[in-house]
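*Asks:* Below is a structure I'd like to ask you about.
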Amino acid sequence: METRRMGRTGLQVAPICLGGNTFGWTTDQAKSEEVLDAYVEGGGNFIDTADVYSVWVPGNTGGDSERVLGKWMKARGNRENIIIASKVGSKMGERPNETGLSRQHIMAGVEASLRNLQTDYIDLYQSHRDDLNTPVEETLRAYDDLVAQGKVRYIGASNFAAWRLTRNLWASDKYNYARYETLQPLYNLYSREGYERELEPLVLDQQVGVIPYSSLASGFFSGKYRQGQPLPNTPRAQGVQRTYMNERGFKILAEIERVAEGHKVTNSQVALAWLLARPGITAPIVSGTSVEHVRELLGAAELKLSQDAIAALDKVSDWQIKG
């Protein structure tokens, strides 16, 4: 599997990033390790997690996904072959300093993540969400210190508006601080406007790598959610119903299925291959819940859609066409 350079960094990553949000939550240690082993055996090396995964589960305190990864890397002895991306900034508790991008929270957060991951460095440390209450200079200086200390190699941003990413990039240039080298936005065939209108021109101009999440629209593009069929009684299924199960969503899904049939591949592979063909995209993030699922997702990296297929997908999902 060919790797891709992540933005301006020296990191070479697999074109499919394995999302770790289910580790320690819906997939236990043993199942998670099966998924991780299959991903690496298939040529993968890039895994995304966060300190907040999965604090929302009763009895969990956060860091659950990171601890699964840490145990796996220690058992396999493969840390130097894995690119780990983690995040800080989401709400971890009720105390005032357990959220946001203050220096205090970042410094405490990175130490906790390093312990959880059983490593002395994080390849890509990301701001999970923007913090309008903390000066960007304070945040960036904290990250710059972590890079200088060798605890973090590069930094990235997730869920940032274009004007805020611009503000941060400007501050990094002005003060010679480490800069956000990656962006992790919501981006898929359905949700295009939020990224393409303002963020895409910015990241292309500034050579910021892009690792989109919700690449399969929370599983909708896999085809497992159908009109007139009962939905699983889960919060995720309810979110899919609210967001994607509408006339536009099913039109896009129908085109994905037509393209998949023509290329003799799966729906998920088509949706991911479309993302990989977009300029500036480094590696879509997808969560694998089984060995078979991981192998299917990795197959998207080898799929080259025809120009006609890409044009058809572009047209059916074009956010600039109204009515």
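*Asks:* Mind listing which chymotrypsin sites (Phe, Trp or Tyr not before Pro) in segment 37-111 are in a DSSP loop and have 13 or fewer other Cβ atoms within 10 Å?
*Replies:* TRP56
*Asks:* Another question, then. How large is ³J(HN,Hα) for each residue in segment 186-201, as worked out from phi by the Karplus curve 6.51 cos²θ - 1.76 cosθ + 1.60 (θ = phi - 60°), to whole Hz, x for Gly and Pro?
*Replies:* 6, 7, 7, 4, 8, 9, 10, 4, x, 8, 6, 5, 10, 6, 4, x
*Asks:* Lysines within cross-link reach of LYS174: Cα-Cα under 26 Å, excluding same-chain residues under 8 positions apart?
*Replies:* Here the lysines satisfying the reach criterion relative to LYS174 are LYS87, LYS151.
*Asks:* With +1 assigned to the C-beta of every Lys and Arg and -1 to the C-beta of every Asp and Glu, and no other charges, what is the dipole magnitude of segment 78-234 about the Cα centre in debye, to the nearest 20?
*Replies:* Computed charge dipole of segment 78-234: roughly 420 debye.
*Asks:* Ranked highest first by the average count of other Cβ atoms within 10 Å around their residues, in what order do 134-144, 158-168 fall?
*Replies:* Taking the mean over residues of other Cβ atoms within 10 Å, the ranking is 134-144, 158-168.
*Asks:* Let me ask something else about it. Roughly how tilted is helix 64-76, in degrees to the nearest 10 and between 0 and 90, from the longest Cα axis of the chain?
*Replies:* The angle comes out at about 90 degrees.
*Asks:* Here's another thing I want to ask about it. Considering only C-alpha atoms, what is the centroid distance from segment 107-125 to segment 159-182, in Å?
*Replies:* If we compute the Cα centre of each part, the gap is 22 Å.
*Asks:* Nearest 5 percent is fine: what portion of the DSSP beta bridges confined to the chain is antiparallel?
*Replies:* Looking only at bridges with both residues in the chain, the antiparallel portion is about 5 percent.
*Asks:* Rounded, prolate or oblate: pick one for segment 206-276, where a ≥ b ≥ c are the square roots of the eigenvalues of its C-alpha gyration tensor, a/c under 1.5 means rounded, and failing that, prolate if a/b is larger than b/c, else oblate.
*Replies:* Here segment 206-276 falls in the oblate category.
*Asks:* Let me ask something else about it. Just name one of THR49, GLY63, PHE23: the one whose Cα is farthest towards the positive end of the charge dipole of segment 1-70 (beta-carbon charges, Lys/Arg +1, Asp/Glu -1).
*Replies:* Among THR49, GLY63, PHE23, the one farthest towards the positive end of the dipole of segment 1-70 is THR49.
*Asks:* On to the next question. Can you list the aspartates and glutamates whose alpha carbon is less than 16 Å from that of LYS264, not counting same-chain residues fewer than 8 positions off?
*Replies:* GLU255, GLU296, GLU302, ASP308
*Asks:* Where does each of 184-191, 276-283 land if you order them by average Cβ count within 10 Å, highest first?
*Replies:* Descending mean neighbour count gives 184-191, 276-283.
*Asks:* May I ask which residue of TYR175, GLN206, ALA217 lies farthest towards the positive end of the charge dipole of segment 155-226, with charges of +1 (Lys, Arg) and -1 (Asp, Glu) on Cβ and the Cα centre as origin?
*Replies:* My answer, from the dipole projection, is ALA217.
Read the figures in this text as sums done on the coordinates, not as results from a lab. Every value quoted in this text rests on a predicted model; they were computed, and no experiment measured them. Cβ: placed from backbone, ideal geometry, glycine included. Neighbour counts: every protein chain shown.
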